[in-house]
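The values are calculated or read from the model by the stated rules, or taken from the named source; none is laboratory data. Remember, predicted model here, so these are calculated numbers, not experimental data. As a convention, Cβ positions derive from the backbone with ideal geometry for all residues, glycine included, and neighbour counts pool all protein chains shown. Note: accessible area is taken over every heavy atom of the protein model, side chains too, but ligands, DNA and RNA are not part of it. Shrake-Rupley method; radii C 1.70, N 1.55, O 1.52, S 1.80 Å.
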Amino acid sequence: QVQLLESGGGLVQAGDSLTLSCAASGDAFDWSTMGWFRQAHGGERVFVAYVIPSGQSTYYADFVKGRFTISRDNSKKRVYLQMNNLKVEDTAVYFCAAAPKGSMWDTGYWGRGTQVTVSS
């Protein structure tokens with residue numbers, strides 16, 4: 001299994017940058033695709049980005065492409081989301097997720113989330 005704990009959220013102004021971190025534990029991390037999702041208040045949880053186990057390939061939702069960067073450090077069992085040029089509409093709870101090889105997000109593991117609030 002994989003246990004996940006997000007950190008790094010906070011209150012920032014539009015245009016600012018923020019880096020989220022996800023600390024992972026468990027023996028499945030190295031063969032898990034790691035992703036970030038977000039959920040605005042009253043909204044559904046939506047996909048933001050993922051990185052494959054090797055860290056060599058990433059994928060982003062259109063609304064963050066060019067602004068956010070996902071990365072991982074397997075030696076530290078950590079995943080990061082570098083967020084640049086934040087917009088008010090980026091305000092949400094951000095969740096870290098793990099999908100072990102052979103699994104999809106719905107059968108994977110989730111953190112509890114960290115709040116990101118962007119003010120104008």
Please list 3J(HN,Hα) in residue order for segment 50-64, calculated via the Karplus relation 6.51 cos²θ - 1.76 cosθ + 1.60 where θ = phi - 60°; whole Hz, with x for glycine and proline. 9, 9, 6, x, 6, x, 8, 9, 10, 8, 10, 5, 4, 6, 10
Within straight-line cross-link reach of LYS65, lysines at Cα separation under 20 Å, skipping those fewer than 8 residues along the same chain: LYS87
Using only the Cα atoms of segment 31-85, what are the Rg and Dmax in Å? 11.7, 37
Translational D in µm²/s for the chain (Stokes-Einstein at 10 °C, 1.306 mPa s, Kirkwood Rh from C-alpha pairs): 113 µm²/s
FRET efficiency, LYS65 to THR107 (Cβ-Cβ, R0 30 Å, nearest 0.05): 0.65
Separation in nanometres of the label points that stand 7 Å from Cα toward Cβ, at SER119 and HIS41: 1.4 nm
For LYS101, list the lysines whose Cα falls under 19 Å from its own Cα; do not include residues on the same chain fewer than 8 positions away. LYS77
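What is the percent carbon and sulfur in the accessible area of the chain, measuring with a 1.4 Å probe over the protein chains and ignoring ligands?
Taking all protein chains in place, the chain shows 48 percent carbon and sulfur surface.
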Hey, can you find the accessible area per residue of the chain for me, probe 1.4 Å, expressed in square angstrom? 53 Å²
Roughly how many Å is it from the Cα centre of segment 76-99 to that of segment 50-71, as a whole number? 10 Å
Ignoring ligands and nucleic acids, what accessible area does ASP27 show with a 1.4 Å probe (Å², nearest 10)? 110 Å²
Name the trypsin sites (Lys or Arg not before Pro) in segment 64-120 that are in a loop by DSSP and that have at most 12 other C-beta atoms within 10 Å, would you? LYS65, LYS76, LYS101, ARG112
